[in-house]
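Only one structure is covered here, and it is reproduced in the block below.
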């Protein structure tokens, strides 16, 4: 491993990681959407804080049907597109294919696993700041670290696995810092601790994180939402201790005025990742008897906002 | 009763009811704020669906200190000004003075009672659409009905009282339809059933009631907030049955696109009545062990919005 690698969804995140894997000598196949014509003519360019990359020709496809079956499929679509994933994965998977989901939110790996197309399913949480400057032209501004863990149907901690290790080493050889998590579900809820309060409140109130933190009412609300996330994780047997919540508050206090991805989506009237970040965790907790009423309030308000963009 | 009547806060509501009482031959004394110079020179004018009124000279004051002690004091300030009430009421009250509070929200009568300036305290819930067209110039567009009840320190149902009846008859003689409530606290919570979901959601989301009702997410949220209000009322021994909640949903479905007062405040970047409509009911319920987490979420988001206007 790896032989052929597919990048399903070559937006800023997919194109950035794909270009790094290409740079390290891998055989990478990119599925593009609107950028396909430009990339076919001019290739792919990434302006990165860790070194620029430019590829005049890449294996670029406008349809998953035209792509080869791959050994590793990296899914980097937004979670709002998950209803399309079955059609995008079927052509590039066989029973030996490893699928790695690089996406925000909860339960995406379960969705992919339950499609039953391939072999092992991994999840990755990206800590990276990338955006698209133009067709086939990506800026990588900060970080790049991925936390990788393996998904298993029983959703219990998996520990370290060989598949996880192979994918981790592949990224490390491409210069991407990797953390291995023995418990993907715990790591997903850990990331939700930040995402559930700050993505939604910043988007709803059109305010950067520093303003949410500076106002006592929204600061208290952010903490109360985190406590609901903590309770949700506990219902799944995952402990996120109070010290972790406090550390996230402290960390957020140190951020420069920051616009979370959902706030950027709201500003640009793009579909927000509401199901992955709110709907899935809220429903998962509710099935286990844990209510998240503050998160649910925010979720419903954001649903209204999201519908008003259409 | 009545002899002298004071109107404390001659905005749209205070000026409208004061003008009707004046028209019926009462001795009315108006406390004005910014409109005082204009009213002294040009008087008071009300364009009303029930008959226009124009008074070239009225008893207009720029300070409560200059006003006579009155038999009935009608307080029609916004609840955001309640911190000023002690100084406004002291000069116009003696132990025989009846105070009638015409205001949105909860616990205003308790505040006035606890000041200890006067005699009986009444509360009134206004169902009226008035707005100010210019200095000393009010438009009365719809309705005018008041639900009047007497406040008692133990906050138990009071039944019908002589003071309540006298004030009710005085308004009726002035052409104002009056309902007598035997339980002011129940009536206040009944009005909160509508105010808590719709004032806040419309203000927060900058959307008229029809849009909140048409979106399934906010429609469900509005109902869930009503259920919290119902639970708060029950903690006080007041039953607002499910049929009442359903009737309010049905009623709201029949409204033309409507902007609640708090939404108008938000649009005009004026102070919203957050304490009376959210803070007081939420704290009252919490003291009795009932949480209102959805209402509290909305309250905190609105506090952020309100602070951003300053």
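Just so you know, all these numbers are worked out from the coordinates, no wet-lab data involved. Remember, predicted model here, so these are calculated numbers, not experimental data. Note that we place each Cβ from the backbone using ideal geometry, even for glycine, and neighbour counts take in every protein chain shown.
Annotations
- Our summary gives chain A a relative contact order of 15 percent, counting only alpha carbon pairs under 8 angstrom and 6 or more residues apart.
- Ascending list, in nanometres, of distances separating the residue A:162 label from those of the other copies (7 Å, Cα toward Cβ): 9.6
- Shielding score for A:206-214, defined as the mean number of other chain Cβ atoms within 10 Å: 1
- The three principal axes of the Cα atoms in region A:186-307 give end-to-end lengths of 36, 33, 24 Å, sorted in falling order.
- Both radii are taken from the alpha-carbon atoms of region A:160-251; with Rh as the Kirkwood radius, Rg/Rh is 1.08.
- Applying 1/(1 + (r/R0)^6) with R0 = 45 Å to the Cβ-Cβ distance of residue A:84 and residue B:145 gives a FRET efficiency near 0.25.
- Part-to-part distance (alpha-carbon centres) for region B:62-131 and region B:150-174, which is given in Å: 15 Å
- Mean-position separation - Cα centroids, region A:237-310 and region B:217-232, in angstrom: 21 Å
- Mean projected area of the Cα convex hull of region A:76-195, taken over all directions, amounts to 8.0 nm².
- In chain A, helices alone account for a calculated mean residue ellipticity at 222 nm of -13500 deg cm²/dmol, with every DSSP H run of four or more residues adding -39,500 (n - 2.57).
- Evaluated over the protein assembly as shown, the Cα radius of gyration and Dmax, each in Å: 30.9, 95
- Choice from A:121, A:58, A:99 with maximal GNM fluctuation in chain A (Cα, 10 Å cutoff): A:58
- With its label point defined 7 Å out from Cα along the Cα-to-Cβ axis, residue A:289 lies at 2.0 nm from the matching points of the other copies, in increasing order.
- Projection of the Cα convex hull of chain A, averaged over all directions and equal to a quarter of that hull's surface, yields 15.0 nm².
- Counting only DSSP beta bridges with both residues in the protein assembly as shown, the antiparallel share comes to about 35 percent.
- Placing a label point 7 Å from Cα along the Cα-to-Cβ direction at residue A:63 gives distances to the equivalent points in the other copies of 8.5 nm, listed shortest first.
- Take the Kirkwood radius over Cα pairs of region A:1-121, plug it into Stokes-Einstein at 20 °C and 1.002 mPa s, and you get 149 µm²/s for translational diffusion.
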